[in-house]
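K.L.:
Supplied in structure tokens, the structure appears directly below.
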Amino acid sequence: MGFLPFPQLSPVHASKEPEKSIQEIAQGLIGSIMSVKVILADEDNKKLIFSEKEAAWSKYSKQVNVGDIFEVRVGYVEDYGAFVHLRFPDGLYHLTGLIHVSEVSWDLIQDVRDILKVGDEVRAKVVGIDWGKSRINLSIRQLEEDPLLETLDKVIPQDGSADPDSMSGGDSGSIEPLPGLETILEELLQEDGIYDVRISRQGFEKRVVSQDLQLWLSNAPPTNQRFTLLARAGRQVQEIHLTTSLDQEGIRRALQRVLERVP
């Protein structure tokens, strides 16, 4: 005889009867036959612990790939994110994943509970799978276009066309960097794989979105290892060309390290 802890039950049970407590669900499972996996066998103490969740992972995780989009149901919410149950083609919720607070929305969220509540059903994209730890990371925001990038690309068109009243370019030395930007660019040059960073042109929006400095990797395609960063503060927007051997993910990581170093 062994022990199956409540947290090791498959989410399929709670999804079928969301109004019941975990104790009521477990009571209703008495006499049921289920597939489980041994997660602890302590012969000295004669202890045997099972997991239905791990058995479900072994069976269903191979059907999940990064980039897949699932209908999910919120199971419970923590300060750092929402744990959601993934719905499979049979209509049942066999696996659980995490939507981190940073992946809920493009907007800054103070409390996940303001957006997601237990029982909510939403669509989410698989953005990461940790096979060793049986974890799935999902995102809601990556199903939507980044509103900031969309706005910036309209201010500085990718085809090079521009309204002369709102754009200026030419010698990058004649463009005064936005407050705080010069230090960030200097730090970027200290990162391995980044060879050159320079401001190419700037534009002015008709409205103020934020007075704080915001820096993003543009969705403009790279040319000859040259990527585009976009910086904005107030109405002013600056386009920065970055020459690097890094890919987009490498640039994002380098940018994150720099922003952590710069006060």
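The values are calculated or read from the model by the stated rules, or taken from the named source; none is laboratory data. For clarity, every value in this text was computed on a predicted model and none was experimentally measured. As a convention, Cβ positions derive from the backbone with ideal geometry for all residues, glycine included, and neighbour counts pool all protein chains shown.
K.L.:
Which count do you get for residues in region 1-40 that are exposed (fewer than 10 other Cβ atoms within 10 Å of the Cβ) and either acidic (Asp, Glu) or assigned to a loop (DSSP other than H, G, I, E, B) (or both)?
P.N.:
Here the count works out to 6.
K.L.:
Being hydrophobic (A, V, I, L, M, F, W, C) and in contact with a strand residue (DSSP E or B) (Cβ under 6 Å, 6 or more places away or on another chain) is the filter; apply it to region 51-63 and report the residue that is surrounded by the most Cβ atoms within 10 Å (Cβ to Cβ).
P.N.:
Step by step, filter region 51-63, then rank; the result is 56.
K.L.:
So which residues in region 112-144 are outside any strand (DSSP E or B), small (Gly, Ala, Ser) and farther than 19 Å from residue 58 by Cα, if there are any at all?
P.N.:
Hit for region 112-144 is 119, nothing else.
K.L.:
Would you mind finding the one in 43, 71 that is surrounded by 15 or more Cβ atoms within 10 Å (Cβ to Cβ) and of a type in the set (D, E, K, R)?
P.N.:
So the residue among 43, 71 that is surrounded by 15 or more Cβ atoms within 10 Å (Cβ to Cβ) and of a type in the set (D, E, K, R) is 71.
K.L.:
Which pairs have Cβ atoms under 6 Å, sit 6 or more apart or on different chains, and link a residue in region 66-78 that is in the same structural domain as residue 103 (by TED's automatic domain parsing) and without any contact (Cβ under 8 Å) to a residue 60 or more places away in the chain to one that is surrounded by fewer than 19 Cβ atoms within 10 Å (Cβ to Cβ) and acidic (Asp, Glu)?
P.N.:
73/121; 74/120
K.L.:
If you check every pair at least six apart or on different chains, which have Cβ atoms under 9 Å apart with a residue in region 7-35 that is among the basic types (Lys, Arg) first and a residue that is at pLDDT below 75 second?
P.N.:
Listed by first residue and then by second, the contacts come to 20/14.
K.L.:
Also: Count, please, the residues in region 36-47 that happen to be under 31 Å from the mean Cα position of the chain (by Cα) and touching a residue at least 40 places away in the same chain (Cβ under 8 Å).
P.N.:
Selection size over region 36-47: 0.
K.L.:
Let me spell it out: the conditions are (1) over 23 Å from residue 143 (Cβ atoms); (2) hydrophobic (A, V, I, L, M, F, W, C); (3) without any contact (Cβ under 8 Å) to a residue 60 or more places away in the chain; (4) not in a strand (DSSP E or B), and residue 50 meets all of them except one. Which number is the exception?
P.N.:
Going through the list (1) over 23 Å from residue 143 (Cβ atoms); (2) hydrophobic (A, V, I, L, M, F, W, C); (3) without any contact (Cβ under 8 Å) to a residue 60 or more places away in the chain; (4) not in a strand (DSSP E or B), residue 50 breaks only (4).
K.L.:
Out of the residues in region 116-151 meeting the condition of being hydroxyl-bearing (Ser, Thr, Tyr) and more than 16 Å from residue 101 (Cα to Cα), tell me which one is modelled with the highest pLDDT.
P.N.:
134
K.L.:
In region 99-115, which residue that is within 18 Å of residue 66 (Cβ to Cβ) and buried (at least 18 other Cβ atoms within 10 Å of the Cβ) is modelled with the lowest pLDDT?
P.N.:
103
K.L.:
Quickly run through region 49-76 and pick out the residues that are in contact with a Lys or Arg (Cβ under 6 Å, 6 or more places away or on another chain) and at pLDDT below 95.
P.N.:
If the condition is that a residue be in contact with a Lys or Arg (Cβ under 6 Å, 6 or more places away or on another chain) and at pLDDT below 95, then 51, 54, 55 are the ones that fit.
K.L.:
Applying the selection to region 119-143, what residues are surrounded by fewer than 14 Cβ atoms within 10 Å (Cβ to Cβ) and either of a type in the set (A, V, I, L, M) or within 9 Å of the chain's Cα centre (by Cα) (or both)?
P.N.:
Answer for region 119-143, where residues must be surrounded by fewer than 14 Cβ atoms within 10 Å (Cβ to Cβ) and either of a type in the set (A, V, I, L, M) or within 9 Å of the chain's Cα centre (by Cα) (or both): just 143.
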